[in-house]
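**Q** Sharing a structure with you now.
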Amino acid sequence: MSTTTTMDSEHVRLLSDEATERLLNKPGTASSTQGGWMMIATILIEAWDLYAIAFVLIFIKTDFNPTPAQLGLVTAAVQGGALIGALLGGIFADRFGRKKVFIGTMVLFIVLALAQAFVRDVWDLIIVRLLIGVPLGSDISNGYAYIMESMSKGKREEMGSRWQFMFGLGEVFSILVITLMYTIFAWISNACQGAEFTAWGFYLPVILVLAGVGVSSTGDITGTNLVTALIFCLATVSGYVAPLMLSKIGHRGVAMWGFGMAFVGLILGGYAIQNDYKILIVVGACILMWGHYWDASNGMTIASMVAPTRFRATASGFGYLFVKAAAFFGAFVFPLVNEALGKAGATYAVSILSLIGFLAAKFILPELYGYVDAEKKA
């Protein structure tokens, strides 16, 4: 029995060797080439994750104040996870198949990469970085096995040897994206605050009159004008206070509080309009305008501050373009939305802009208070 089993195993191996030799001597197909490129391209993801962290360490130090050992672990944890992933990924790929492991590693990478945005302290970040290294290491062992099995001889060596090219591309990509993220929040912020104001704040006197706030029984709107003036007086105080808060909560804090308050104010205002609560309409408008004068305060500052000196004026102009384009859009579209959805529905719709601004401040904007740009000269 054992002799028969041994002979069968040897026969299977012989057939496998013959099939491999035949397949590897055939010209590569388009699908095998595409599959090889897909696998080698996943190395770009690893390079992105490995090197992008280097450009945000300064912000990690600011946010979490780690010890030198903790900062070292933040950087090294992903490498430790990759050690585990390289071994387990290879074993699992041989046991369960290349495709299943590939899909599993991509899902894990996406989930864990997003989880990094929600860490509360430096140890949470270290743990997530360790875990994210597992799919990164697994991807390498599985991807190389796939390349060697799916491409013809010669071509598979060329494809496999491109991994340093992909690492270099990943490094460049990470630098460009991180640099872009220094300014992209300013564009989003400028666009959201510009449309936020012109879509609701600019039409505030009309909204108050139509809601009957301050309108006398004879139709006199003097009361409405006085209420509007008081709201903008409060907004002026907000605009004065916002810069004073930078040293305490930073650009990120000012933006998050500003957009967050604007969102709450708009939701409250929409609810009050819907139910004809005139006092709540005024309260909502006050919260909105206080928040708006905070969230609008630093977009231009950030866009201008992080730009290289030789492009700074261009960057400032480009940043302001988002303010004016969004303001034009908001002023033009709000009456149409108001007609289609009603005053309350239009107000709820505008609140989406504030929510987008808040999320951009939370997940895109690194803390830039005290930022000093340095530009190396050739």
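**Q** Just going by the charge dipole of the chain, with Lys and Arg at +1 and Asp and Glu at -1 on Cβ, which of 372, 115, 214 is farthest out on the positive end?
**A** Toward the positive end, the furthest listed residue is 372.
**Q** Also: With +1 assigned to the C-beta of every Lys and Arg and -1 to the C-beta of every Asp and Glu, and no other charges, what is the dipole magnitude of segment 240-356 about the Cα centre in debye, to the nearest 20? Could you put the intermediate results ahead of the total?
**A** Working: 7 positive and 3 negative charges, 82 e Å.
The dipole of segment 240-356 has a size of about 400 debye.
**Q** Turning to a different aspect of this structure: With every protein chain kept in the model, how would you rank 207, 184 by accessible area, 1.4 Å probe, largest at the top?
**A** 184, 207
**Q** Can I ask one more? In what sequence, largest accessible area first, do 185, 318, 167, 328 appear using a 1.4 Å probe? Could the numbers behind the result be given before it?
**A** Working: 185 0, 318 90, 167 25, 328 150 Å².
Ranked from most to least accessible, the order is 328, 318, 167, 185.
**Q** What does the charge count near residue 344 come to, summing +1 for each Lys or Arg and -1 for each Asp or Glu among other residues with Cβ under 15 Å from its Cβ? Show your work: numbers first, answer last.
**A** Details: positive: 278, 343; negative: 276, 339.
Local net charge: 0.
**Q** Shape of the chain from its Cα gyration tensor (a ≥ b ≥ c, root eigenvalues): rounded if a/c is under 1.5, otherwise prolate when a/b > b/c, or oblate?
**A** Working: a/c = 2.91, a/b = 2.35, b/c = 1.24.
In terms of gyration-tensor shape, prolate.
**Q** Just to confirm my numbers, what's the Cα centroid distance between segment 108-137 and segment 219-266 in Å?
**A** 37 Å
**Q** If you don't mind, there's one more thing I want to ask. What list of ³J(HN,Hα) values in whole Hz, one per residue of segment 260-267 in order, does the Karplus curve 6.51 cos²θ - 1.76 cosθ + 1.60 (θ = phi - 60°) give from phi, with Gly and Pro shown as x?
**A** x, 5, 4, 4, 4, x, 5, 5
**Q** Let me ask something else. If you filter segment 71-180 for trypsin sites (Lys or Arg not before Pro), then keep DSSP loop positions with at most 14 other Cβ within 10 Å, what is left?
**A** Details: sites: 95, 98, 99, 100, 120, 129, 153, 155, 156, 162; in loops: 120, 153, 162.
Answer in residue order: 120, 153.
**Q** Calculate, in nm to one decimal, what residue 94 and residue 11 gain on full extension: separation in residues at 0.36 nm each, minus their alpha carbon distance.
**A** 27.9 nm
**Q** Given labels modelled 7 Å from the Cα in the Cβ direction, how far is it in nm from residue 313 to residue 34?
**A** Inter-label distance under the simple model: 5.0 nm.
**Q** Here's another thing I want to ask about it. Step through the residues of segment 72-83 one at a time and calculate ³J(HN,Hα) from phi using the Karplus curve (6.51 cos²θ - 1.76 cosθ + 1.60, θ = phi - 60°), rounding each to whole Hz and writing x for Gly and Pro.
**A** Per-residue couplings from phi come out as x, 5, 4, 6, 8, 4, 5, 5, x, x, 5, 4 Hz.
**Q** Which of the listed residues, 317, 336, 300, is farthest toward the dipole's positive end in segment 282-367, when Lys, Arg count +1 and Asp, Glu count -1 at the beta-carbon?
**A** Comparing the listed Cα positions along the dipole, 317 ranks first.
**Q** Same structure again: Could you tell me the relative contact order of the chain? Use alpha-carbon pairs under 8 Å, at least six residues apart, and round to a whole percent. Please report the intermediate quantities before stating the final value.
**A** Numbers: 500 pairs, mean separation 76.4, N = 378.
Relative contact order of the chain: 20 percent.
**Q** A further question follows. Can you work out the Karplus-derived ³J(HN,Hα) for every residue in segment 288-293? Use 6.51 cos²θ - 1.76 cosθ + 1.60 with θ = phi - 60°, whole Hz, and x for glycine or proline.
**A** Karplus values, whole Hz, x for Gly and Pro: 4, 5, 4, x, 4, 6.
**Q** Kindly sort 292, 11 by accessible area of their heavy atoms, largest first, with the probe set to 1.4 Å.
**A** Numbers: 292 10, 11 100 Å².
If we order 292, 11 from most to least accessible, we get 11, 292.
**Q** Give me the distance in nm between label points sitting 7 Å out from Cα along the Cα-to-Cβ direction at residue 162 and residue 57, one decimal.
**A** Between residue 162 and residue 57, the simple spin-label model gives 3.1 nm.
**Q** A further question follows. Holding the Cα-Cα limit at 30 Å, pick out from 248/278; 248/343; 100/362; 99/155; 61/100 the pairs that are longer than that.
**A** Values: 248/278 35 Å; 248/343 37 Å; 100/362 34 Å; 99/155 21 Å; 61/100 38 Å.
Distance filter (> 30 Å) returns 248/278; 248/343; 100/362; 61/100.
The values are calculated or read from the model by the stated rules, or taken from the named source; none is laboratory data. Here the structure is a predicted model, which means the values were calculated and not measured. No Cβ is skipped: glycine too gets one built from the backbone with ideal geometry, and neighbour counts run over all protein chains shown. For accessibility, only protein heavy atoms count, side chains too; no ligands or nucleic acids. Shrake-Rupley method; radii C 1.70, N 1.55, O 1.52, S 1.80 Å.
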